[in-house]
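Only one structure is covered here, and it is reproduced in the block below.
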Amino acid sequence: VTYGMFLRAVSNLIPTDDELRRRSVVEPVFLQCCKDGQVGEIVLKQLRYAAPDDLYQKLIGDFLVSSKSPTRGVRIEDIPHEWKCNVRNERRGARRNNGKNKMRRGKM
């Protein structure tokens with residue numbers, strides 16, 4: 001989530017017409033995210049907003065769904081396993097209730 005939130009901050013704080021600055025921030029951050037195995041759906045979505053079109057194409061062009069498809073973009077299933085191997089479940093609250101539910105059922 002940290003990489004995704006950082007990319008979101010980039011898209012909100014660096015003007016779209018300042019492509020040089022966006023490139024200099026987005027590309028190394030995304031490459032480090034890939035190296036760390038932290039590319040999840042949030043990162044893919046925020047990368048789309050933060051990166052100029054040609055940089056987005058350069059970084060994940062091989063994994064883009066056909067432009068003829070109504071769901072053009074990148075599917076998490078299509079990116080390399082190494083890019084996503086350390087991503088935890090991204091659904092809100094998915095980890096919060098694990099211990100509480102067990103206690104309620106008398107299993108802890």
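The values are calculated or read from the model by the stated rules, or taken from the named source; none is laboratory data. Small disclaimer: the values here were computed from a predicted structure and weren't measured. All Cβ positions, glycine included, derive from the backbone under ideal geometry; neighbour counts span all protein chains shown. These area figures cover heavy atoms from the full protein model, side chains too; ligands, DNA and RNA do not enter into them. Shrake-Rupley method; radii C 1.70, N 1.55, O 1.52, S 1.80 Å.
Considering only the range 76-93, state which residues are touching a helix residue (DSSP H, G or I) at 6+ places or on another chain (Cβ under 8 Å), under 17 Å from GLN46 (Cβ atoms) and modelled with pLDDT of 90 or more.
Residues satisfying the conditions are ILE79, TRP83, LYS84.
Report, by residue number, each residue of the range 27-46 that is of a type in the set (Val, Ile, Thr) and outside any helix (DSSP H, G or I).
Within the range 27-46, VAL39 is the sole residue that qualifies.
Does VAL74 satisfy being of a type outside the set (Gly, Ala, Ser) and under 13 Å from the mean Cα position of the chain (by Cα)?
yes
Looking at this structure, is TYR49 part of a helix (DSSP H, G or I) and crowded, with 16+ Cβ neighbours inside 10 Å?
In short, no.
Scan the range 14-38 and report the pairs whose first residue is over 28 Å from HIS81 (Cβ atoms) and whose second residue is open to solvent by 80 Å² or more (accessible area, probe 1.4 Å) and modelled with pLDDT under 95, with Cβ atoms within less than 7 Å and a gap of 6+ or a chain change.
Close Cβ pairs satisfying both conditions: none exist.
Tally up the residues in the range 7-16 that are at pLDDT 95 or above and loosely packed, with under 15 Cβ neighbours inside 10 Å, please.
Qualifying residue count, the range 7-16: 4.
Can you tell me which of GLY106, GLY4, GLY40 is open to solvent by less than 90 Å² (accessible area, probe 1.4 Å) and at pLDDT below 90?
GLY106
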